[in-house]
1. Checking the structure you have, find out if any residue of segment 72-81 is assigned to a strand (DSSP E or B) and under 18 Å from Thr32 (Cβ atoms).
2. Filter segment 64-94 down to the residues that are acidic (Asp, Glu) and under 17 Å from the mean Cα position of the chain (by Cα), then identify the one that is nearest to Ile40 (Cα to Cα).
3. Please state which one of Phe28, Phe18, Phe8 is open to solvent by 100 Å² or more (accessible area, probe 1.4 Å), of a type outside the set (S, T, N, Q), within 17 Å of the chain's Cα centre (by Cα) and at pLDDT below 85.
4. Every residue in segment 88-111 that is aromatic (Phe, Trp, Tyr) and assigned to a loop (DSSP other than H, G, I, E, B), please.
5. Collect the residues in segment 46-55 that are surrounded by 13 or more Cβ atoms within 10 Å (Cβ to Cβ) and of a type outside the set (Val, Ile, Thr), keeping them in residue-number order.
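The values are calculated or read from the model by the stated rules, or taken from the named source; none is laboratory data. Fair warning: this is a prediction, and the values are worked out from it, not measured in the lab. Reconstructed Cβ throughout: ideal geometry from the backbone, glycine too, with neighbour counts over all protein chains shown. For accessibility, only protein heavy atoms count, side chains too; no ligands or nucleic acids. Shrake-Rupley method; radii C 1.70, N 1.55, O 1.52, S 1.80 Å.
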Amino acid sequence: TNLRPRKFLNMATLKTLFTMLSCAYLTFGAPTKLIIDTDIGGGGCNDVDDVVAVSMSNALVDNGEAELLAIVQNTAPLDCAGAISVLNTYYGRGDLAKLPIGAYNVNTTGA
């Protein structure tokens, strides 16, 4: 029997493996684009689940796992959009030009 050590990975195999891993990183490593749609304010601005959703999305951005495009408040009162702004500001994303907040307009006909 031949007891010589065998090479399991040759250079071509290593190049192929590197290419596959690079493609996987480019596909799965890109941040996920997010638009958060909350009903904050529907419970009188004390909606814990919405605070968690906004906070988690900001944390995902901090980790490089997401790109936060906008946050939407789909309930009245309009003032609760300020709560979203406070959370974004806490995470360093208070600039509305970079991270817009959309708010439900109760004055819209048919709303």
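1. Yes: segment 72-81 contains one or more residues that are assigned to a strand (DSSP E or B) and under 18 Å from Thr32 (Cβ atoms).
2. Top of the filtered list is Glu67.
3. Testing whether each residue is open to solvent by 100 Å² or more (accessible area, probe 1.4 Å), of a type outside the set (S, T, N, Q), within 17 Å of the chain's Cα centre (by Cα) and at pLDDT below 85 leaves just Phe28.
4. Correct list: Tyr91, Tyr104.
5. Those that are surrounded by 13 or more Cβ atoms within 10 Å (Cβ to Cβ) and of a type outside the set (Val, Ile, Thr): Asp47, Asp50, Ala53, Ser55.
Here is a yes/no grid of residues against (1) modelled with pLDDT of 90 or more; (2) exposed (fewer than 12 other Cβ atoms within 10 Å of the Cβ):
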{"position": "Ala70", "(1), (2)": "yes, no"}
{"position": "Asp79", "(1), (2)": "no, yes"}
{"position": "Ser85", "(1), (2)": "yes, no"}
{"position": "Tyr104", "(1), (2)": "no, no"}
